[in-house]
Amino acid sequence: MVEKLRNEAEADSSELALTEEIEVRTLADLARLAGVSAGTVSRALAGKALVNAETRERIQALARKHGFRPNQMASKLRSRRTGVIGVVIPLGHDKRQHISDPFFLTLLGALADELTESGYDLMLSRAIPDQTSDWLERMTGSGMVDGVIVIGQSNQFETIERVARHYPAMVVWGHHREGQIHCSVGSDNFEGGRLAAEHLIKSGARRLAYLGSTVGIEIAKRFEGTLAAARAAGLTVTHLPVHMAHEQVFEEVSSALGYGSGIEFDGIVAASDLIAMSALRVLFENGHQVPAEVQVIGFDDLPLAAQTFPPLSTLRQEIQTGAHLMVEKLKARIAGQAAPSEVMAPTLILRDSTR
């Protein structure tokens, strides 16, 4: 009896040693080791219920033991999916703007979280449309992505519309126009501009300025909303074009406000929080008190907005919610389902830069 147990133990140890010596490089290698078909191994590693739980767990344990990883590229080729979402930022309105812009970074962070949780990788591109007319087709036609997210329409609305006619797996952060083809998610920019100016006027401002270049559609709509509120109150708005590139915004804001030329304002609507922050600095350096002399309101409600001195009043864009909506709508479009545009209401956030 003792001899029999010894022989069985030696046989088991020999089988174990043999198993450990086998090099598992392919599904077929693992299938031979497990004594099943390659198809069963593939389904087990994918966690499919078609394989009974005991067999599935045994195959997965063998895979872990031998450090086997399925060929993800081959799997994606078979499914005709790459597992990658292209994210492109067009800068036709201001080619000097960078991805390091605080708004881009905030939205990109939210998108990266949403895409990762949905099992996708992200491929990022910054496009300068005046250098190439096919900037969007190069992404959508590359075969490297399952879908595309465009951050901002810039001055490229018609290009986006053209591509959307034959490429439905695309969602855009931006302004919605009635009847457009492409799916967009974004704030009601006109309403945001209107709310900003209306609050300044109710707080006593009468000499209004709007800081921001209106080449891009979103910024233009914010200006239109600002104008509408001013006209309703019998006031005018001085438009002071300022670009979004952070390395030049301070100088442009300083020049636009025209200190030393006799031009002064008591209410400033800024097209972005970054521009508004620069306005706060310019006003401070020129000896003006905010909000006692000049009120300032931004747009975005970035995390930095609450850290300025004084803390910045602004229009909040629901960036986290927007990122979630964009990814969910893109997933639906990749699956061939309908996903309409969505316009989110901005929220007036009042802090100490306005009265």
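Can you give the Rg to Rh ratio of the stretch 237-318, both from alpha-carbon atoms, with Rh computed by the Kirkwood formula?
Working: Rg = 11.8 Å, Rh = 12.7 Å.
Rg divided by Rh gives 0.93.
Using alpha carbons only, how many degrees (0 to 90, rounded to 10) separate the axis of helix 273-285 from the longest principal axis of the chain?
40
Using a 1.4 angstrom probe and counting only protein chains, how large is the accessible area of residue 29 in Å², to 10?
30
If one computes the Cα centroid of the stretch 202-238 and of the stretch 145-200, what distance in Å separates the two points?
After rounding, the separation between the Cα centres reads 21 Å.
Ignoring ligands, DNA and RNA, please state the percent of accessible area on the chain from carbon and sulfur, probe 1.4 Å. Before the final figure, lay out each step's value.
Values: 8920 of 17370 Å².
Answer for the chain: carbon and sulfur cover 51 percent of the accessible area.
Compute, for the stretch 22-61, the length of the dipole vector about the Cα centre, with Cβ point charges of +1 (Lys, Arg) and -1 (Asp, Glu) only. Units Debye, rounded to 20. Intermediate values should be presented prior to the final figure.
Details: 6 positive and 4 negative charges, 24 e Å.
Rounded to the nearest 20 debye, it is 120 debye.
Taking each pair of different alpha-carbon atoms in the chain once, compute 1/r for the pair, average those values, and report the inverse of that mean as the Kirkwood hydrodynamic radius in Å to one decimal. Please report the intermediate quantities before stating the final value.
Numbers: mean 1/r = 0.0421 Å⁻¹.
This gives a value of 23.7 Å.
With every protein chain kept in place and ligands, DNA and RNA left out, what is the accessible area per residue of the chain? Probe 1.4 Å, answer in Å².
Values: 17370 Å² over 355 residues.
I get 49 Å² per residue for the chain.
Return the inverse of the average 1/r over all pairs of distinct C-alpha atoms in the stretch 154-281, which is the Kirkwood hydrodynamic radius, in Å to one decimal. Walk me through the numbers before you get to the answer.
Numbers: mean 1/r = 0.0636 Å⁻¹.
In the stretch 154-281 this quantity evaluates to 15.7 Å.
Quick one: Debye curve from the alpha-carbon atoms of the stretch 183-247 only, equal weights, vacuum; give me log10 I(q)/I(0) at q = 0.11, 0.15, 0.27, 0.30 Å⁻¹ to two decimals.
Result of the Debye calculation: -0.25, -0.46, -1.15, -1.29.
The values are calculated or read from the model by the stated rules, or taken from the named source; none is laboratory data. Everything numeric here is computed off the predicted structure, so don't read it as measured data. Cβ: placed from backbone, ideal geometry, glycine included. Neighbour counts: every protein chain shown. Ligands, DNA and RNA are stripped out before the accessible areas are found, and what is left, the full protein with its side chains, is counted by its heavy atoms. Shrake-Rupley method; radii C 1.70, N 1.55, O 1.52, S 1.80 Å.
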